[in-house]
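Undergrad: One structure, pasted below without further comment.
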Amino acid sequence: METPISYVPILIQLAVALGFVVTTIIATHFLGPKRKTKKKLDPFECGIESSGNARVPYSVRYFLTAILFVLFDVEVIFMYPWAVNFKALGLTGLLEMFLFIGLLLLGFFYVIKKGALKWEDNN
Amino acid sequence: MKALLLLSGLGILGIVSEILNFKKYIYKLTIVGLILTLGITFLEWDNPAPLQFSNMVNFDNLAISFIAVLVVTAILWFLTSAPIFDDSEHIADKTTLILFALVGAVCMVSYHNVTMLFIGIEILSICMYVMAGSKKGDLASNESSMKYFLMGAFATGFLLMGIAFIYGATATFDLAEIKMYMENSPEHLELVYTGITLLVIGLSFKISAVPFHFWAPDVYDGAPIQVTSLMSTIVKTAAIAAFYKLFTVSFASQSIAWECTLSYIAGITIILGNLIAVFQSSAKRMLAYSGISHAGYLLLAILANNTSGGNALVYYTLAYSVATIAAFAIIALVLQAKGDTNFSSFEGLGKKNPLLALATILSMLSLAGIPPFAGFFGKYYLFTSYLENHGIGLVVVALIGSAISIYYYFRLIVTMFKGESEEVIPISGTVKLVLILCILITVALGIFPELLNGGW
Amino acid sequence: MKELIWLVPLLPLVGFLLISLGKSYFSKSLAGIIASAMVFGSFVISLGVFFDVLNGDGKPTTVTLFEWIATADFHVNIAFLVDSLTSIMLLIITGVGFLIHLYSMGYMHDDEGYAKFFSYLNLFVFFMLLLVLGDNYLVMFAGWEGVGLASYLLIGFWFKNQPYNDAAKKAFIVNRIGDLGFILGIFLIYTTFGTIQYSGVFSEAVNMADQSPTIVAITLLLFVGAMGKSAQIPLYTWLPDAMAGPTPVSALIHAATMVTAGVYMIARSNILYSLAPETLGFVAIIGGATAVFAATIGIFQNDIKKVLAYSTVSQLGYMFLALGVGAFTGGVFHLITHAFFKALLFLGAGSVIHAMGGEQDIRKMGGLKKYIPITYMTFLLGTLAISGIPPFSGFFSKDEILAHAFNVNPIFWVLGVLGSMMTTFYMFRLFFLTFMGTFRGTEDQKHHLHESPKTMTIPLVVLSVLAVIAGFIGIPHVLGGNHWLEHFLAPVFKDSAIHHHGSELKVSTEYALMGVTVTITILMILFARNKFVTKRFVPADDSVKQGFIPRLLANKYYVDEFYNAIIVKPLNGLASFSYKFLELKGVDAIVNGVGKLVVFISSQARKLQTGNTGFYIFAMVIGILIILALNLFNK
């Protein structure tokens, strides 16, 4: 039957997770050398005095494209197990994969239609 | 099963309509499709072989009932939510997202495998994250989407962890096999109990039970009102059905592990949800909190741990969804006409818009559980199913909560008959139709409660 | 026609609905026509039903419309019982009712609430019919309450006048006391017999032991109901005040029909009463006492309607005296004749008031004979009938009661004769002061005097004919008749008849009794004539100080004041204590306190919702920790 001991795994997990975070933060705080001078705190820009903000925003399209890439990339992974079992799955497997590819393509066309892949701003 | 396929097909049709340029018809096509789905769902009643797709889903009568509730709610919702489909550029996107959300909801009520539960929850949630932020230029909408996503992700972690623990102990995802394992003196009790506790946490978040409710008011308040309506009806129905199924099918024999926790959660949810709702000055936010307290009532059905709890759940979710859809449709109209959803905007409604006033009154009475409306019998069945094998303690808490709820529900009713309003709020024909339908359902379910409580 | 019986109450109900819902859509006069037509329709069907019963085999028929209440072992049908008693009551209600509707079309002609008045009248007729038609006590009770409601509405018809409202409330509240007795009686009937259907109750009751205390309790409780509705001591005080209503209302509700409901109820339950002789004795005493008591008050009243009101109370006392001495037929007989002559007298009084332009004080009338001859003639016939001069109807019914009373106990007979004497005196006092002598009103009133329109005089004439001849349905054997009514009603009273095998009066005794009553009556008429016509005596103005007894009587024995002091004032005190202390300081404080507490907690609790996602996650983690702790330690 159940005893408090049943919950030991979760306590251990909690302790490890918290412990890692706390240890890391404390350790870096003590381990890292700290020498604060004005020069060191200045942003480095090829010897010229810095001007403006270093944080230039990227175009949001960059993220969009990146995410779409990851998305399709992950979907393609599904083809590997299918290819390995190609013979065993037979005709059904082939048709199912066609359906899958079809839906994937549908998504692709949708993305194109929405203009998500157009790089130039055309508004 | 056909409902699942049909809804997925409808969703894909939404994407196709974007590509092939017929998206202006998609709104009407969707409504027709949903009505068709409803009809087909009923045809599957008493299905001789409910297990489908390698035992991944189980379309038994309980699942069919919940699907019917979901689809009816969706039809009513689509009819009242024309305004968010006005924007012609995104009409197909939104329709598709909501249809896929519905697919996720159907998975959640019909799963027979814990992975299907997870997939269903994720399909539903991701669509809802996007829909919450669908009012792009509105900061509140963006904030609500972001909060929903962050906290949803946090809770999903617990859910997955719980599933993992259960798998670790039972080496299966199949509900029936888990059930068998639980009944035959399980060996790895510590894993099982940890897993169950984590699942309670994860699912409590999805139904917005205290203390995992914090996302709900902010998200409900920030999201476009139609999306709020969707979240407090379809999402809540699907989540509670999933919760019910998992716990009363697989974990029924180990109720000792979750009963106590869940009782406290239910009691606190009912009291706190109702208490905070009292002080709200916005009707939308008031309904958000009242939605939290309703989640508490729904938990009683899970605690009941019997089949009549399931019956009560179907009845209650239908009554609650219908009344909520009507209430949100009215709030949306008021928002459109007066610019905000504060109680003061409802003043004079009783004289200028009798239909709106009547629908509001009936919805509020039903939500408050006043006989002879549907909500009363919903609560009645919930309580009786709970009392079948429990003491009266939690029911007393629930009744106190109901008493508090009467305060804020009636406050809205009273406000409608106070003051004067110079303008008549225009109502479109379809919204009128939906309001009348909601009134009819609320009254009919209240007068003939046996219609739906036949048992399966 | 029995199969159409459901139409009898339905028609007035339809009339009520039509008029009350549609009164703004059709003209005023149409309302009166609809209402009268509905009641006339009911009357025609009632006639048909009456002849059905007359030619039938005497067995009652039950017509079930639908099941009203169905719980585990309590079933009540909306069902109508048709027998001789019902059919006679139907005729009176619809017949007199129709005449009064007709009369009202003239009397209420200029009233702004004309349509409302007729809708109420129809409502009253509906409930009254329900009362007499029901085949069980619950339907009777529904009708009973309904007529109470209609009576309330009609007494307070001119609701802008506060005293009238007070009178309406008084009628309602006093009746409430009686109704409480009635409903308790019904409860007791149900627990005793397991049914409230007449047939079931009566057939069970016959098998019960004589003088069982339960039966006595039941009958006493029912009689309390009858006391309220039929204005018997001590619950009679509402009826004189009820004269605040329009005169046709007084005629229909407070003379001919509603107030006789108590008599009907006891006659209907005759078998129960026969099994409880104690109750019967009590009924007889209350009835006899009321008959005399009310008559003494009647002598000193100066308001034409008040005199008639006390006369009604007194006559109702007669009916209860009859029931109490076991003369159920006599009670119903007097009910019938009284319905005719009292309706006639009230309508006549209405006609007088109409002519006088609203004046009701008989000291300001006089000599109206030549101005309103039809009213005069019909009023005279009514007065003769109520006084019991042969061969007018009152003579036969009163004589039958007195004969039975003498047979049971001569004291009852003495009471009856005393009452009859005084009745004759005050009725002729009223008659002489109103119609004889010279006019004592103002010049304005004198110019205004005129005979009433046809719609008012025709009912008067019809009723006067009935008041004259109605007695012939019950000519006693000694006078060579064969008492048709007794035979007709025999099936209803046959079970009770077994319990009354008192010896028949000797024929000579009966003649002697008749002789005494008639002689006394004629003497009283002569006395009144001498005083009010020959000596032209007119009662003094209210401001004149009078002797003790006249003052006592004019003030109705100060009964109202007495009730006020012992019941109303203490109740008001209790109510004001409950309100000021228990309600405001106790209940309200608790209720409002709870409300305020909830709002306060709510205002604090909502501060949890900071809007900061970090805090939310933190709170959720705390929640998770609590749940884990709960699971850890709560095993």
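The values are calculated or read from the model by the stated rules, or taken from the named source; none is laboratory data. It should be emphasised that the depicted structure is a prediction, and the values quoted were computed from it without experimental measurement. Reconstructed Cβ throughout: ideal geometry from the backbone, glycine too, with neighbour counts over all protein chains shown.
Undergrad: Just give me the residues in region C:607-621 being part of a helix (DSSP H, G or I) and of a type in the set (Gly, Ala, Ser), in sequence order.
TA: Taking region C:607-621 first, the residues part of a helix (DSSP H, G or I) are C:607-608, C:613-621.
If the condition is that a residue be part of a helix (DSSP H, G or I) and of a type in the set (Gly, Ala, Ser), then C:GLY614, C:ALA619 are the ones that fit.
Undergrad: Something else now. If you take the residues in region C:578-609 that are charged (D, E, K, R) and within 14 Å of another protein chain (Cβ to nearest Cβ), which one is surrounded by the most Cβ atoms within 10 Å (Cβ to Cβ)? Talk me through it step by step, then tell me what you get.
TA: Step one: of region C:578-609, the residues charged (D, E, K, R) are C:580, C:583, C:585, C:588, C:596, C:606-607.
Restricting the remaining residues to those that are within 14 Å of another protein chain (Cβ to nearest Cβ) gives C:596, C:606-607.
Details: C:LYS596: 10, C:ARG606: 18, C:LYS607: 9.
Across region C:578-609, the extreme among qualifying residues is C:ARG606.
Undergrad: Run down B:ILE196, B:ILE121, B:ILE201, B:ILE166 and say which single residue is assigned to a helix (DSSP H, G or I), more than 14 Å from chain A (Cβ to nearest Cβ) and not polar (S, T, N, Q). Talk me through it step by step, then tell me what you get.
TA: On the way: B:ILE196 fails: more than 14 Å from chain A (Cβ to nearest Cβ); B:ILE201 fails: more than 14 Å from chain A (Cβ to nearest Cβ); B:ILE166 fails: more than 14 Å from chain A (Cβ to nearest Cβ).
When all the criteria are applied, what remains is B:ILE121.
Undergrad: Let me ask something else about it. Return the only residue of B:ALA239, B:ALA216 being more than 14 Å from every other protein chain (Cβ to nearest Cβ), within 30 Å of B:THR341 (Cβ to Cβ) and within 18 Å of the chain's Cα centre (by Cα). Spell out how you get there, then give the answer.
TA: Values: B:ALA216 fails: more than 14 Å from every other protein chain (Cβ to nearest Cβ).
One residue alone meets the criteria, B:ALA239.
Undergrad: Looking at (1) surrounded by fewer than 24 Cβ atoms within 10 Å (Cβ to Cβ); (2) among the aliphatic types (A, V, I, L, M); (3) within 27 Å of the chain's Cα centre (by Cα), can you tell me which one C:MET377 breaks?
TA: (3)
Undergrad: Which numbered condition in (1) farther than 30 Å from B:MET161 by Cβ; (2) at pLDDT 90 or above is the only one that A:ASN53 fails?
TA: (2)
Undergrad: Among the candidates C:ALA575, C:ALA619, single out the residue that is surrounded by 11 or more Cβ atoms within 10 Å (Cβ to Cβ), of a type in the set (Gly, Ala, Ser) and within 14 Å of another protein chain (Cβ to nearest Cβ). Steps first, please.
TA: On the way: C:ALA575 fails: within 14 Å of another protein chain (Cβ to nearest Cβ).
Of C:ALA575, C:ALA619, the one residue that is surrounded by 11 or more Cβ atoms within 10 Å (Cβ to Cβ), of a type in the set (Gly, Ala, Ser) and within 14 Å of another protein chain (Cβ to nearest Cβ) is C:ALA619.
Undergrad: For region C:121-165, which residues satisfy the criterion of being in a helix (DSSP H, G or I), free of Cβ contacts under 8 Å to residues at least 40 places away in the same chain and not small (Gly, Ala, Ser)?
TA: Scanning region C:121-165 gives C:PHE127, C:GLU145, C:LEU149, C:TYR152, C:LEU153, C:GLN162, C:ASN165.
Undergrad: Only residues that are outside any loop (DSSP other than H, G, I, E, B), surrounded by fewer than 10 Cβ atoms within 10 Å (Cβ to Cβ) and at pLDDT 75 or above: list them for region A:26-45, please. Before the answer, list the steps.
TA: To start, the set of residues in region A:26-45 that are outside any loop (DSSP other than H, G, I, E, B) comprises A:26-31, A:38-41.
Still in the running and surrounded by fewer than 10 Cβ atoms within 10 Å (Cβ to Cβ): A:28-31, A:38-41.
Answer for region A:26-45, where residues must be outside any loop (DSSP other than H, G, I, E, B), surrounded by fewer than 10 Cβ atoms within 10 Å (Cβ to Cβ) and at pLDDT 75 or above: A:THR28, A:HIS29, A:PHE30, A:LEU31, A:LYS38.
Undergrad: Given the conditions (1) surrounded by fewer than 23 Cβ atoms within 10 Å (Cβ to Cβ); (2) touching a residue at least 24 places away in the same chain (Cβ under 8 Å), report the number of the one that C:THR86 does not fulfil.
TA: Single failed check for C:THR86: (1).
Undergrad: Which residues, counting only those in region B:285-314, are closer than 24 Å to B:ALA140 by Cα and surrounded by 24 or more Cβ atoms within 10 Å (Cβ to Cβ)? Walk me through it before giving the result.
TA: Step one: of region B:285-314, the residues closer than 24 Å to B:ALA140 by Cα are B:285-293.
Selection gives B:MET286, B:LEU287, B:ALA288, B:TYR289, B:SER290, B:GLY291, B:ILE292, B:SER293.
Undergrad: A further question follows. Just name the residue that is farthest from the other protein chains (Cβ to nearest Cβ) out of those in region B:12-31 that are assigned to a helix (DSSP H, G or I) and over 19 Å from B:ILE75 (Cα atoms). I'd like the intermediate steps shown before the answer.
TA: Taking region B:12-31 and keeping what is assigned to a helix (DSSP H, G or I), we get B:12-19, B:23-31.
Next, only the ones that are over 19 Å from B:ILE75 (Cα atoms) stay: B:15-19.
Working: B:ILE15: 5, B:VAL16: 7, B:SER17: 10, B:GLU18: 6, B:ILE19: 5 Å.
It comes out as B:SER17.
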